[in-house]
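Data block below; observations after.
The values are calculated or read from the model by the stated rules, or taken from the named source; none is laboratory data. It should be emphasised that the depicted structure is a prediction, and the values quoted were computed from it without experimental measurement. Glycine also receives a Cβ, built like all others from the backbone with ideal geometry; neighbour counts cover every protein chain displayed.
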Amino acid sequence: MRAREPDGEGYVDRDGVKLHYEVFGDGEPTLLLMPTWTIVHARFWKAQVPYLARRFRVVTYDGPGNGRSDRPLDPAPYHYEAQGRSALAVLDATGTERAVPVSLSMASQWALWLMAHRPERVLGSVFIGPSLAIAPGHTGRQQPFEEPYTSTEGWAKYNRYYWQDHYQDFLEFFFSQCFTEPHSTKPIEDAVGWGLETSPAVLLAENDAPWVDQATLRDWCAASRCPVLVIHGTKDAISPLRRAKRLAEATGGALTVLEGAGHIPLARDPVKVNLLIREFVESLPATEPA
Amino acid sequence: MTTVRAAQAGRAAPEQTRARYPDEEGQVERDGVRVSWARYGDREPTLLLLPAWSIIHSRQWKAQVPYLARHYRVLTFDGRGNGRSDRPPTAAAYDDDEYVADALAVLDATGTREAVLVGLSRGCRWAVELAATRPERVLGAMLLDPALPFLAPLPRERANSFDDELDSSEGWAKFNRHYWRRHYRDFLEFFASQAFSETHSTKQTEDMVGWGLETSAEALILTQLGAQPASREEMEAVLRRVRCPVLVVHGTEDQVWPHAVGAAVAELTGGTLVTVEGGGHCPQARHPVRVNLLLREFVESLGGRRR
């Protein structure tokens, strides 16, 4: 059961991969709530959609690999450029000339691709808990992924073979790291459930697609001309605050630091995040009625 | 009585921060026992959110106050035995009649001629007593998971003695004065686990245990020894005297006071029963939006009644 059902929905076909999108509300401008790592799907925006759709037009979609989209086992659709082009395809399919992409975690790369390659389609960009190679990640996360695991503790679970052997346990561990705030049992349960809607095979295919390298990210950021808001929690155990700082500096954007928040504040501090998004969107010059 | 106006901005919080701070606070004193009240908002009618058992205090209404105060004048007070109210050292000070008299004193002190009463659990006893005996002060009563004795059988596991030393300390055997003295916190955690039978209640459980720790086993024992309704006849007689509109809300999974109690209260008062499927004992904390909207709708349905 949802607090807000979509007003429209459909599929786009991207090189034979079907992606499902939904449209809520009809205000201006359009917000494009992007997918993120395919371990979850578009319902992770559930605390944003009902509120934002009362004021703006909101488009969500499932990326390849989860939700109501196809689950390709080939890395190509998961490549950052393919992900950027998928976002573009959803904008086209929904007749959206310009939008404000809102991205979580690794989707920051795809939002930057869009900003760099189709600047005329992007009114402004909101990044939440960005995870990208613009600055080093947490050192504790650096565990061998490709070798058979010798430990089953902590980030050692982030391992090709462990995923195949103990997928649900990995999901429970990973989301315990995403939600470092107390009283997160419900968001953890939700996220583990969404993770179980896909498979280790999908995550492994996704894992074989490269991330954007640091030099490219710098170029894209330097070329960025639109207003940017970066939101990041001080207790983000997935991606450190330094990445958000670097991203805000490189794009000339604003940084809002959420004291005590983890990696997914949109689920644990939804009111705060919703108000920040609204305030940012309403501050954009082009949103004034024509 | 002293009245202190709280500055709303930049106020140092001696507790959790609040979404809404009182517009006015004060105390009433009766027989040397001071009871602290707070007022939020100023639009008529007035809602009096009653205390419940003194294992908790007025912050039990934290998910109601910010919403309701945008629409109404909202009064809360800490029941004697917890919060910023005194913890008198005799059982007689915790008689049901004392809580009812405190509620009236708060209405008087705040210049409130009449109010909609909102009770939770034990607070519903005081709400129906007020509605029955002072109908001119009561516009309506919303009763959440009422803890009214004799109306329906309690779960068998609750039938342990409160006063005797028990062999067991499992489950409801913890509801025992000797156990409270020895393991107060453990009792609080057990009770909260029963009060919040819904999944994902870690925050509400933590709140309840924290509020319970603001009083003591000794004070809580006294609240159990104060005078309460003595028979089914007495309880029914009070309910049958209630003339104001009544809305009862009760959860099907209430582990503390079963749903049948709420159904009986609705029937005996001629009130409306709303059943919360899967709901536990504290819907105001676990189903706050639903409770708030039900209360708003209830208050609006009272229209200009007698005003």
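Key figures for this structure:
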item: Any chance A:Gln177 is more than 24 Å from A:Glu259 (Cα to Cα) and away from chain B (no Cβ under 14 Å); result: no
item: Only one of B:Val242, B:Val256, B:Val261, B:Val238 that is among the hydrophobic types (A, V, I, L, M, F, W, C) and either touching a Pro at 6+ places or on another chain (Cβ under 7 Å) or within 14 Å of chain A (Cβ to nearest Cβ) (or both); result: B:Val261
item: Selection from the range B:134-180 of residues that are small (Gly, Ala, Ser) and free of Cβ contacts under 8 Å to residues at least 40 places away in the same chain; result: B:Ala159, B:Ser161, B:Ser168, B:Ser169, B:Gly171, B:Ala173
item: Conditions (1) at pLDDT 95 or above; (2) surrounded by fewer than 21 Cβ atoms within 10 Å (Cβ to Cβ); (3) not charged (D, E, K, R): number failed by A:Ala223; result: (1)
item: Elements of type helices (runs of 4 or more DSSP H) in the range B:107-205, at least 3 residues being crowded, with 16+ Cβ neighbours inside 10 Å, in contact with an Asp or Glu (Cβ under 7 Å, 6 or more places away or on another chain) and away from chain A (no Cβ under 14 Å); result: B:123-133
item: Residues located in the range B:252-265, provided they are part of a helix (DSSP H, G or I), of a type in the set (A, V, I, L, M, F, W, C) and surrounded by 15 or more Cβ atoms within 10 Å (Cβ to Cβ); result: B:Val261, B:Ala263, B:Ala264, B:Val265
item: Flag if A:Ser103 is of a type in the set (S, T, N, Q) and buried (at least 24 other Cβ atoms within 10 Å of the Cβ); result: yes
item: Number of the exception - B:Phe191 against (1) modelled with pLDDT of 95 or more; (2) over 25 Å from B:Gly279 (Cα atoms); result: (2)
item: Per-region count, the range A:173-204, residues closer than 22 Å to A:Gly137 by Cβ and either surrounded by fewer than 16 Cβ atoms within 10 Å (Cβ to Cβ) or among the small types (Gly, Ala, Ser) (or both); result: 5
item: Residue check, B:Leu273 under 19 Å from B:Gly123 (Cβ atoms) and either within 14 Å of another protein chain (Cβ to nearest Cβ) or in contact with a Phe, Trp or Tyr (Cβ under 7 Å, 6 or more places away or on another chain) (or both); result: no
item: When residues of the range B:87-106 are limited to those that are charged (D, E, K, R) and surrounded by fewer than 18 Cβ atoms within 10 Å (Cβ to Cβ), the one nearest to the chain's Cα centre (by Cα); result: B:Asp96
item: Flag if A:Thr30 is polar (S, T, N, Q) and farther than 18 Å from A:Pro265 by Cα; result: yes
item: Count of the range A:7-47 residues which are in a loop (DSSP other than H, G, I, E, B), at pLDDT 95 or above and either over 20 Å from the mean Cα position of the chain (by Cα) or loosely packed, with under 14 Cβ neighbours inside 10 Å (or both); result: 6
item: Qualifying positions in the range A:205-220 - aliphatic (A, V, I, L, M) and either within 14 Å of chain B (Cβ to nearest Cβ) or crowded, with 20+ Cβ neighbours inside 10 Å (or both); result: A:Ala205, A:Val212, A:Leu217
item: Unmet criterion (only one of (1) within 14 Å of chain B (Cβ to nearest Cβ); (2) assigned to a helix (DSSP H, G or I)) for A:Gly260; result: (2)
item: Residue tally, condition at pLDDT below 95 and either over 18 Å from the mean Cα position of the chain (by Cα) or part of a helix (DSSP H, G or I) (or both), over the range B:222-251; result: 1
item: Qualifying residue in the range B:47-60 (condition: small (Gly, Ala, Ser), closer than 16 Å to B:Glu15 by Cα and crowded, with 24+ Cβ neighbours inside 10 Å); result: yes
item: Filtered residues of the range A:186-196 (kept if at the interface with chain B (Cβ under 10 Å from one of its Cβ atoms) and in contact with a helix residue (DSSP H, G or I) (Cβ under 6 Å, 6 or more places away or on another chain)); result: A:Pro187, A:Ile188
